[in-house]
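Encoded as structure tokens, the structure appears first; notes follow it.
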Amino acid sequence: MPQKGTRCPLRIHGSRPAYPQDTRSGPVDTVPTSVARGSDIIQKSPITPSSPAAPLPAANHSLPPQKTPAIEPYAPVLSLPTETSAIETQTTTAPTIQSTTPKLQKKRSLQTSLKQLDIAGAFDNAWWPAIIKRMDNDDVPSDLIRIIKSYLNNEREVKFTYESETFYKKLTKGCPQGGPLSPLLWNILLNDLLINFDSMNADIICYADDVTIICWNKTIEGLKTASEYTLNYVIQWCNRNKLTISTEKTNMLYLHNRQKIPIKVNNNIIMPVKQVKILGMKFSNHKWKNKVNFTPHVNDILCKAGRMKNLLCSLSGNMWGLDTEKRLTLFKTIIRPVLTYGSEIWLKYLNNRCKQKLNSMQYQIILWAVRAYKTTSSNCVHSLAKIPLLTDYIESRIIKFDLAQMSIEDLITYEPHAPSIVKSFLHAKINEIFENTNEIFRSFFVLGIPRFFRPNFYNIQFITDHGNFGKFLATIGAVKEPGCFCGGEIQDARHLLLECPIFLDFRENRFGRIGQLDEFVDKKEKYKNFDQFCKYIYNFLLNWKKEKES
């Protein structure tokens, strides 16, 4: 398995035929299967002119063993050498963003700028001769170079038909769309820029075709000079490799509160902007301090999550639509990923007000999911959903992210049972929320919330004591007296379930003698009767209120 800092190896798996029907023929040098994995010596094995020299198959295809030897033993050889590579293998955008923000904060004592470059049609315009030349410079074995060359120069054409006319265009550049080798080929090409970028006052960070440059200097004029130099350097590299920088889509953000000077590149003026979007995250300058500000990004994701919440609310109501479990699943799989994208990076830069907005948005969605009254406390709602506060959930992601950045040796030294750290953290936060719920809520769940319990519009009113009861209605000013129609002084959930004589027959027939609230939900059979009991009381209260008004 290649170590961090090496290229992703070429691997071919599967069992489906690899070659398309329409292939060209010709001699080609192939890799023999008999050579040991990782060997530096690669022999030549000519194929007859009748054998096809088709592009390498997709990841779910395999080469016919009777015609073409296996390529997998030579996968490590195709990887770029570690000492000549500036690209690190990453599976998510978080490490790339993480490498950007500390550098911006580190230069906060200087005048700093952040530039986001747009390479026009990067993958579609990757120049094949430049890729081959780069592989040759990195001492990739000639046999593998010839295979890649055959993969690229397979006489692919674009066919365009308009009415009765047909036009053909032969492809001479670009990484094949969806090909398993396309990201690797682009990295081989882009690696040349990263290695040779040697500016003293700038850093370059790339993720696929997204190029970001950070410049800094003591003076405004020095920062302007450094910015123009770095952009001209990247443009010259693009010109040598037949690529183009789209200056119209290139953005520049100043992270200081002094004069923001536009820069001139190739007779084009690049004006400074108030915020830059890099890998889906918005960077902006703080209004009073020279630091990164993620508040616009948080406001943006809150608006997006709010639109999604409104859409879901229009599809399900309190008494109809999806059940609670499906609603929570939609939140966890659709809305929460939107709210937490890149949160490992930006949470520590937020103030308490932004954190409260994030927790408030999650509370509103879970309130809809469990069908509770809008006055129900956040602790009760989160306890029923068994979901921690959004900021606590992000903290768990940060712990997981930090553990993922550790080496195996450091991870074993740090904690032998590292995978359980995140679960223990979340479990502790959920227990802390439960301890802060109201007294009647904890009275129902003395031993914790059972797995079989499913909140709905009826039972949640009694569990939280926020429902169509005299005490609650008097609290919000809907009625003047909190008493019960049976003569009791206070009509709340406890009185209706345990003490009210009007519901005595129903209670004794379904439960027998009940003395405590937790006895309604301690067993699954009782819980089903409890659901029916809550619905019966709710409908009785509703009908009594209608009769009283009439």
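The values are calculated or read from the model by the stated rules, or taken from the named source; none is laboratory data. From a predicted model like this one, the values you see are computed outputs, not experimental measurements. Every residue, glycine among them, receives a Cβ derived from its backbone with ideal geometry; neighbour counts consider all protein chains shown. Remember, those area values only see protein heavy atoms, side chains included, never the ligands or the DNA or RNA. Shrake-Rupley method; radii C 1.70, N 1.55, O 1.52, S 1.80 Å.
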>> Tally up the residues in segment 108-127 that are of a type in the set (A, V, I, L, M, F, W, C), open to solvent by 30 Å² or more (accessible area, probe 1.4 Å) and in contact with a strand residue (DSSP E or B) (Cβ under 9 Å, 6 or more places away or on another chain), please.
In response: 3
> Just wondering, is there one or more residues in segment 171-184 that are surrounded by 19 or more Cβ atoms within 10 Å (Cβ to Cβ), in a helix (DSSP H, G or I) and at pLDDT below 90?
Replying inline: yes
> Would you pick out the residues in segment 376-406 that are free of Cβ contacts under 8 Å to residues at least 60 places away in the same chain, among the hydroxyl-bearing types (S, T, Y) and open to solvent by less than 10 Å² (accessible area, probe 1.4 Å)?
Replying inline: S396
>> All but one of (1) open to solvent by 10 Å² or more (accessible area, probe 1.4 Å); (2) touching a strand residue (DSSP E or B) at 6+ places or on another chain (Cβ under 7 Å); (3) more than 30 Å from W128 (Cα to Cα); (4) of a type outside the set (D, E) hold for N232; state the number of the condition that does not hold.
In response: (3)
>> Looking only at residues that are touching a residue at least 40 places away in the same chain (Cβ under 8 Å) and either farther than 16 Å from F452 by Cβ or touching an Asp or Glu at 6+ places or on another chain (Cβ under 8 Å) (or both) in segment 489-535, which one is surrounded by the most Cβ atoms within 10 Å (Cβ to Cβ)?
In response: L496
>> I need every pair where a residue in segment 122-148 that is among the acidic types (D, E) has its Cβ under 6 Å from the Cβ of a residue that is surrounded by fewer than 16 Cβ atoms within 10 Å (Cβ to Cβ) and in a helix (DSSP H, G or I), sequence separation at least 6 or different chains.
In response: D138/T84
> Only one of (1) open to solvent by less than 10 Å² (accessible area, probe 1.4 Å); (2) over 22 Å from Y458 (Cα atoms); (3) in contact (Cβ under 8 Å) with a residue 60 or more places away in the chain; (4) over 13 Å from the mean Cα position of the chain (by Cα) fails for L347. Which number is that?
Replying inline: (3)
>> Pull out all pairs, ordered by first then second residue, where Cβ-Cβ is under 7 Å, the residues are six or more apart or on different chains, the first lies in segment 250-270 and is of a type in the set (V, I, T), and the second is assigned to a loop (DSSP other than H, G, I, E, B).
In response: V265/T247; I269/P262; I270/T247; I270/T250; I270/P262
> Taking segment 438-465, which residues are open to solvent by 10 Å² or more (accessible area, probe 1.4 Å), polar (S, T, N, Q) and either in contact with a strand residue (DSSP E or B) (Cβ under 8 Å, 6 or more places away or on another chain) or under 16 Å from I366 (Cα atoms) (or both)?
Replying inline: N456
>> Let me confirm something: among E221, E157, which residue is surrounded by fewer than 18 Cβ atoms within 10 Å (Cβ to Cβ) and in contact with a Leu (Cβ under 8 Å, 6 or more places away or on another chain)?
In response: E157
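Yes/no per residue for (1) within 24 Å of F472 (Cβ to Cβ); (2) out of contact with any helix residue (DSSP H, G or I) (no Cβ under 6 Å at 6 or more places or on another chain); (3) not aromatic (F, W, Y):
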{"position": "G306", "(1), (2), (3)": "no, yes, yes"}
{"position": "L312", "(1), (2), (3)": "no, yes, yes"}
{"position": "I365", "(1), (2), (3)": "yes, no, yes"}
{"position": "S378", "(1), (2), (3)": "yes, no, yes"}
{"position": "Y393", "(1), (2), (3)": "no, yes, no"}
> Does segment 210-217 contain any residue that is closer than 26 Å to Q259 by Cβ, in a helix (DSSP H, G or I) and open to solvent by 20 Å² or more (accessible area, probe 1.4 Å)?
Replying inline: no
> What helices (runs of 4 or more DSSP H) lie completely within segment 451-528 and have 1 or more residues being of a type in the set (D, E, K, R)?
Replying inline: 470-475, 504-511
>> Could you tell me how many of the residues in segment 249-291 are out of contact with any Pro (no Cβ under 8 Å at 6 or more places or on another chain) and of a type in the set (V, I, T)?
In response: 6
